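The values are calculated or read from the model by the stated rules, or taken from the named source; none is laboratory data. Every value quoted in this text rests on a predicted model; they were computed, and no experiment measured them. Please note: Cβ atoms are built from the backbone with ideal geometry, for glycine as well, and neighbour counts cover all protein chains shown. Only protein heavy atoms, including side chains, enter the accessible area calculation; ligands, DNA and RNA are left aside. Shrake-Rupley method; radii C 1.70, N 1.55, O 1.52, S 1.80 Å.
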Amino acid sequence: VEDIHRRRQPLPSMEAIYFIQPTKENVIMFLSDMSGRSPLYKKAFVFFSSPISRELVTHIKKDSTVLPRIGALREMNLEYFAIDSQGFVTDDERALEELFGDEENSRRGDACLNVMASRIATVFASLREFPLVRYRAAKSLDTMTMTTFSDLIPTKLAAGVWNCLMKYKQSIENFPQTETCDLLILDRSVDQVAPIIHEWTYDAICRDLLNMEGNKYVHEVPSKTGGPPEKKEVLLEEHDPLWLELRHAHIADASERLHEKMTSFISKNKAAQIQHSARDGGELSTKDLQKMVQALPQYSDQIDKLSLHVEIAGKINKIIRELRLRELGQLEQDLVFGDAGLKDVVKFFTTNEDVSRENKLRLLMILAAIYPEKFQGEKGQNIMKLARLQSDDITAVNNMRLLGGASDIKKSSTGAFSLKFDINKKKRAVRKDRTGEEQTWQLSRFYPMIEELIEKLGKRELPKDDYPCMNEPSPTVHAKNQSAAISQPPVAHSMRSRRTPTWARPRNSDDGYSRCCCCSSLHRPIGFIICRFIISCTVDLFLLILLPVW
């Protein structure tokens, strides 16, 4: 695999595959490689990551020496990275800065949105899906307030994606002519808290507390030669059935399930029983060894997978205790639901001087998202002085205002995310407790706003004034989606276990918890793909695609 912009060794007897973006620079490099009397390769099979312009195709055709050496010239429409079966990213690292930066540059922002729209559209070309495109409408504080560039980001991105889809509709064979799914485009101002707050599901907390690179986790295993422990890399991905089962469960629930699985495995597996008894000081007979050898291949594979997750869950629970994250997590969620305010944060800082730099920053970013007016002037400086924030962290807290939190709080919109709270209540809530849902795990109260949006979109309850459509839907598409949704059975959850970690007990509980309900609404009877571009990835747009379940 070679970089087209680097000098490469000529291989005139070999054929080459080019996978490149359809830019002028790349086309010039390709023609330079393959033109003249001495091309770098015998033949070139060229695949573009997105549609190429007619001008560039004409430019390629003009070189008569190159044409006979082209074995293929195709548009692959693959400008995204699939992170799992339900998520993808377009990997634009500078989008946050270019779209929401302090110095507004509409030209640079438009260029960023055009690239993003092209990349998002390739997803639909790959899936052969034609969406009903909806977006969060721009709203001003009043008629006298000018709409800014950042206010129009969802609108502009929706228009860009729509333009690309119209071209696909005409140029791609077998591309749907009527809507097959929903696309909802949002910006970060819809929910500033979600990427900052501590999430307590197994997947989220693994990525938060463990030093993982993408999906790669490194742990120590006993050496086969009897030496010191060896480091082993494993991928926490969907090919691992345990990961697939536990990833959206609350960490306390995941710990319980793992304990139950390990107990069950040991009770049923002869090799495990023998090894377990040997650890307790019992001697192994020849018959025991024979049974152990017979059970070993299957036992080894199962115990490795189970032991890996037991180790991970144990490490996470240890970090939670050491960093006292339970208390911090409770304060975070109380702030979000209006049960705590600035005084509670001040009290937390004065009584917990050893809080890590990152956790202080995250707590103040949450506070700034809820109470942006408290970070103006001297009051804001005093808060950050109390937390002993470094200059970079102070900038990060102050930059929360660029994501639109202040205007959102003042808006009197009746849309899905208008921030309504009791006028008699001094503390401000940016979430409401969900009615009809049992909170069985402590710290499972929080939910991202996009979850509520998914439900409203699936039920066709999303107000069109706040979330207008780029295209009017065909009369049959919604009925098809709704009938598919109704036919899906509810997802089963694990049953109660007694071995709940003590930190996970609710404040009003005497005996721990029953089953986990914290993510039940993530498994509503609607199939969907979600791409959440979050602050920590420096890309700051929400993209949601709802696909009907077949």
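Of note:
- Taking θ as phi - 60° and the Karplus parameters 6.51, -1.76 and 1.60, the scalar couplings of the stretch 343-359 work out to 4, 5, 5, 4, 4, 4, 5, 6, 9, 10, 6, 9, 5, 5, 4, 5, 5 Hz in sequence order, x denoting glycine and proline.
- For the stretch 171-178, Karplus couplings with θ = phi - 60° (6.51, -1.76, 1.60), whole Hz, Gly/Pro x: 9, 8, 5, 6, 6, x, 9, 10
- Summing charges over all other residues whose Cβ lies under 11 Å from the Cβ of Lys464, with Lys and Arg as +1 and Asp and Glu as -1, gives -2.
- Note on Glu103 and Ser13: the model spin-label points, each 7 Å out from Cα along the C-beta direction, lie 5.5 nm apart.
- For a paramagnetic label modelled on Gln21 (point 7 Å from Cα along Cα→Cβ), amide N atoms under 13 Å away belong, within the stretch 97-127, to 111-120.
- For Ile70, the residues whose amide H sits under 5 Å from its own are Ala44, ignoring neighbours fewer than 5 places away on the same chain, with H placed 1.01 Å from N.
- Take the stretch 15-75 with all the other protein chains still there, run a 1.4 Å probe, and you get 59 Å² of accessible area per residue.
- In this structure, the amide hydrogen of Cys181, modeled 1.01 Å from its nitrogen in the peptide plane, lies closer than 5 angstrom to those of Phe130, Leu132, counting only residues at least 5 positions away or on a different chain.
- Cα lying deepest toward the dipole's positive end in the stretch 15-75, options Pro68, Tyr41, Phe30, charges on Cβ: Pro68
- Distant-in-sequence amide H partners of Ser50 (H built 1.01 Å from N, under 5 Å): Met76, Asn77, Leu78
- Rounded accessible area per residue of the stretch 189-275, 1.4 Å, Å²: 48
- Computed from backbone phi, the HN-Hα couplings of the stretch 224-236 come to 6, 9, x, x, x, x, 9, 7, 10, 9, 10, 9, 8 Hz, rounded to whole numbers (Karplus: 6.51 cos²θ - 1.76 cosθ + 1.60, θ = phi - 60°; Gly and Pro given as x).
- Distance between the modelled labels on Lys268 and Ile4, one decimal in nanometres: 5.3 nm (7 Å Cα→Cβ projection).
- Between Asp63 and Leu235, residue separation times 0.36 nm minus the direct Cα-Cα distance comes to 57.3 nm.
- For the stretch 1-49 versus the stretch 94-110, the gap between their alpha-carbon centres in whole angstrom: 34
- DSSP-defined antiparallel bridges as percent of all bridges, the stretch 128-276, nearest 5: 60
- Using the Cβ-Cβ distance between Glu327 and Gln170 with R0 = 60 Å, the FRET efficiency computed as 1/(1 + (r/R0)^6) comes to roughly 0.55.
- Hydrodynamic radius of the stretch 15-75 by the Kirkwood approach over all distinct alpha-carbon pairs: 11.4 Å.
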